[in-house]
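Note sheet for the following structure.
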Amino acid sequence: MTTDRVRIVFDEGILGFEDIREYELLVDPEERGPFRWLRATSEKLAFIVVDPHLFWPDYDPDIAGACPDLVDGTDRKELSLYVIVTVPDNPLLATANLFAPLVVNGRTGKGRQVPLRGSGFPLAAHIFPEDIREGKVGLAGACPDAQVR
Amino acid sequence: MGWPVLVLTRRCGESVIIADDIKVTIISVDTKAGRAYVKLGITAPADLKIYREEIYEEIKRENEAASGATLTDFAALARAWRQMKAPAQDRSK
């Protein structure tokens, strides 16, 4: 299996890991799922990230307003949005950080974690719907909740 | 942030200037239920990062928790995703 790598430079690092700037996004060409590894190129550090629109179709933060310098002069099609996934002991209870998504400018290769001040988006939203989380099967309702804190 | 602390006393409406382009103004001081609240007005360039300390710490903690993900976690997420995308009647498989 070959894996595509997209290099992304986070000039400010990621909060808590400010000294680590260079990452690569590992894209599985077989597309076996929506999750990606965002891996530091020189350190043993990696995050699981995902396109939030696959779980929250209505999630549409004001990126241009939150980080104008990062997205300036770039077509919207070249901007990607990811959220960092936190996986607890029970992976079905995984959460995503909708409050501080990662904005990636594909044209410049720059990325940034952008806290959305005053947005009300949660720092930890369950990514899987309740029936999956509780291990119940065969129930309707595939819409994950994203309760505002 | 291991720098020494500069302590200044200001009255309401007074400000401090930081560097050349940041102004912090004391807008009001209130007491609610025995606790003091200070309202600050911060005039600064739009791209300057300003957070309540606890928000900054929360994001940092969340990132640190997320950084511990394993290959097993990754596989479990992909599995749960497939389950979520499967038609409801197939979820029991």
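Things worth noting here:
- Total residues in the range B:25-37, condition open to solvent by 90 Å² or more (accessible area, probe 1.4 Å) and not small (Gly, Ala, Ser): 5
- For the range B:8-18, the set of residues classified as over 23 Å from the mean Cα position of the chain (by Cα) and either within 18 Å of B:Glu53 (Cα to Cα) or open to solvent by less than 100 Å² (accessible area, probe 1.4 Å) (or both) consists of B:Cys12, B:Gly13, B:Glu14, B:Ser15, B:Val16, listed by residue number.
- Counting only strands (runs of 3 or more DSSP E) that fall entirely inside the range A:21-61 and contain at least 2 residues that are under 19 Å from A:Ile127 (Cα atoms), the qualifying elements are A:35-40, A:46-50.
Here is a yes/no grid of residues against (1) closer than 19 Å to A:Phe17 by Cα; (2) touching a strand residue (DSSP E or B) at 6+ places or on another chain (Cβ under 9 Å); (3) open to solvent by 10 Å² or more (accessible area, probe 1.4 Å):
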residue: A:Lys44; (1), (2), (3): yes, no, yes
residue: A:Val50; (1), (2), (3): no, yes, no
residue: A:Gly65; (1), (2), (3): no, no, yes
residue: A:Arg76; (1), (2), (3): no, no, yes
residue: A:Tyr82; (1), (2), (3): yes, yes, yes
residue: A:Val87; (1), (2), (3): yes, yes, yes
residue: A:Asn97; (1), (2), (3): yes, yes, no
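- Filtered residue count, the range B:40-72, keeping only those that are at pLDDT below 95, farther than 28 Å from A:Pro68 by Cβ and at the interface with another protein chain (Cβ under 7 Å from one of its Cβ atoms): 1
- Restricting attention to the range A:4-20, the residues that are in a strand (DSSP E or B) and modelled with pLDDT of 90 or more total 7.
The values are calculated or read from the model by the stated rules, or taken from the named source; none is laboratory data. Just so you know, these numbers come straight off a predicted model, no measurement behind them. Cβ coordinates were reconstructed from backbone atoms using ideal geometry, including for glycine residues, and neighbour counts include every protein chain displayed. With ligands, DNA and RNA removed, areas are computed over all heavy atoms of the protein, side chains included. Shrake-Rupley method; radii C 1.70, N 1.55, O 1.52, S 1.80 Å.
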